[in-house]
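The values are calculated or read from the model by the stated rules, or taken from the named source; none is laboratory data. Note that the structure is a prediction, hence the values are computed from the model and not measured. With ideal geometry, Cβ positions are generated from the backbone for all residues, glycine too; neighbour counts draw on all protein chains shown.
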Amino acid sequence: MTPTPYATRRQQLAAQLGPHAVAIVPTAAVQPRNRDNEHPYRFDSYFYYLTGFTEPHAWLVLDGQGRSTLFCQPKDLAREIWDGYRLGPEAAPAALGVDQAFGVDALETELPKLLANQHAVWWPFATHPGLSQRVQTWLAAVRAQARSGIGCPQSQHDVCAVLDDMRLIKDDTERALMARAGRISAGAHRRAMQHCAQSLRAGQALHEYHLEAELLHEFRRHGAQAPAYPSIVAAGANACVLHYRADRAAVRPGDLVLIDAGCELDGYASDITRTFPANGRFNAAQRDVYQVVLAAQHAAVNATRPGARFDDVHQAALQVLCQGMLDLGLLSRTTHGNADAVMEQRAYTAYYMHRTSHWLGLDVHDVGAYTQAEANGDERRSRVLQPGMVLTIEPGLYSRPGSDAPEAFHDIGVRIEDDALVTANGCELLTRDVPVEVAAIEALMA
């Protein structure tokens, strides 16, 4: 029988724990929304990465020999009438490929047994409130058996440190899921862009939440479970607010609209930003700013390849943006000189105040260090890109009325974002099913 991706990951993790070690990984807790309701449940990403199991109140215990134990909710037909189907511990081994399973009510008695005579315990530090105290309680129960010759783990380690590096390199299953999520999200952006222009041409009142509704409809229509993050739909000056949420502002002809939105599909995030003219045609100032940001993204995409460093992507975009700020008159050549001086002085932060990339995966800002130790161990540098890594590429320019920019550029915010899979020879953009070139955007919206 071919191992599932989850079983393969468990074996890879076990090999790094050491032969006499145990890892404990809980799923996420249920979060109350108000007095008698809960937020829609979303599993813990580490737990799901190792199990593919989506029910709450579950734990995975894995030892250094690769033996896996799942704790999950027991079957309860009365509760299932209210809350839905439960897999149950009897069916879990066959369904999930774990070696054994218990009801979660057995956790306190079984965990000390699994820790007995092990040398080390691994668990996710600083991610689950109260977990540290529970681990100490289980260790104390093991120590209490010392007179019976039972040994207790003497060292504790953060399992996230190992899992973060594993999650940085996406396997074939993850790549396929992320590619499909990118296609769904691209379709949602296309739908919102076309709806925007059509509504304005028809003389209909249009607000940011109308465009958000088009996004959500397309996500769910194609099977995505939810947005990967709160959708940003920002019209006009709102596009200059980086974490603006879709709200009630009117969308008017002549506005630029910035949409930063992506779906989550089977746990995996997509993340796309497009900026487009509400009525389907860029004016001169909007086009000029947009072309600078697009050129910066092209430069960053070309810099995304194996052997390059993570920061190289940002520096490539930054060089083009800084030159563009001078060319557009956003920054004065008299004051700032050339693009290199703008970069050195960090004068660009008046118009570009965020980084160009972040990791993407089970979390929209996915895990994984952005730096790595050099061979001599004495310094850390930006991480070297490897095939299988996925990162966003999202340069932008944001010109507010209080800046020194010419008035024609005031209240223009432009960001262009795609998801890039590092390949053997460069990178593959997973989200280019939505147009990015000026002519292609205008053609779509016509």
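Report yes if MET343 is touching a Gly at 6+ places or on another chain (Cβ under 6 Å), farther than 24 Å from ASP266 by Cα and modelled with pLDDT of 95 or more, otherwise no. No; evaluated as a whole, the condition is false for this residue. The set of residues from the range 156-196 being surrounded by fewer than 21 Cβ atoms within 10 Å (Cβ to Cβ), within 30 Å of ARG134 (Cα to Cα) and touching a strand residue (DSSP E or B) at 6+ places or on another chain (Cβ under 8 Å) comprises GLN156, HIS157, ASP158, VAL162, LEU168. Restricting the range 73-132 to residues that are basic (Lys, Arg) and not in a helix (DSSP H, G or I) leaves a set whose member that is surrounded by the most Cβ atoms within 10 Å (Cβ to Cβ) is ARG86. Among the residues of the range 346-357, those that are surrounded by fewer than 18 Cβ atoms within 10 Å (Cβ to Cβ) and either modelled with pLDDT under 95 or part of a loop (DSSP other than H, G, I, E, B) (or both) comprise ARG346, MET353, HIS354, ARG355.
So that you can scan it fast, the table gives a plain yes or no per residue for (1) at pLDDT 95 or above; (2) surrounded by 23 or more Cβ atoms within 10 Å (Cβ to Cβ); (3) over 26 Å from GLY329 (Cα atoms):
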position: GLN198; (1), (2), (3): yes, no, yes
position: HIS207; (1), (2), (3): yes, no, yes
position: LEU216; (1), (2), (3): yes, no, yes
position: PHE219; (1), (2), (3): yes, yes, yes
position: ASP247; (1), (2), (3): no, no, yes
position: TYR268; (1), (2), (3): yes, yes, yes
position: ASN279; (1), (2), (3): yes, no, yes
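Taking each residue of the range 118-131 that is of a type in the set (Val, Ile, Thr) and looking for partners that are surrounded by fewer than 16 Cβ atoms within 10 Å (Cβ to Cβ) with beta-carbon atoms closer than 6 Å, six or more apart or interchain, yields VAL121/GLN156. Taken as a whole, the condition of being more than 21 Å from ARG167 (Cβ to Cβ) and hydrophobic (A, V, I, L, M, F, W, C) does not apply to VAL98.
Residue count for the range 22-60, restricted to those that are surrounded by 22 or more Cβ atoms within 10 Å (Cβ to Cβ) and among the small types (Gly, Ala, Ser): 2.
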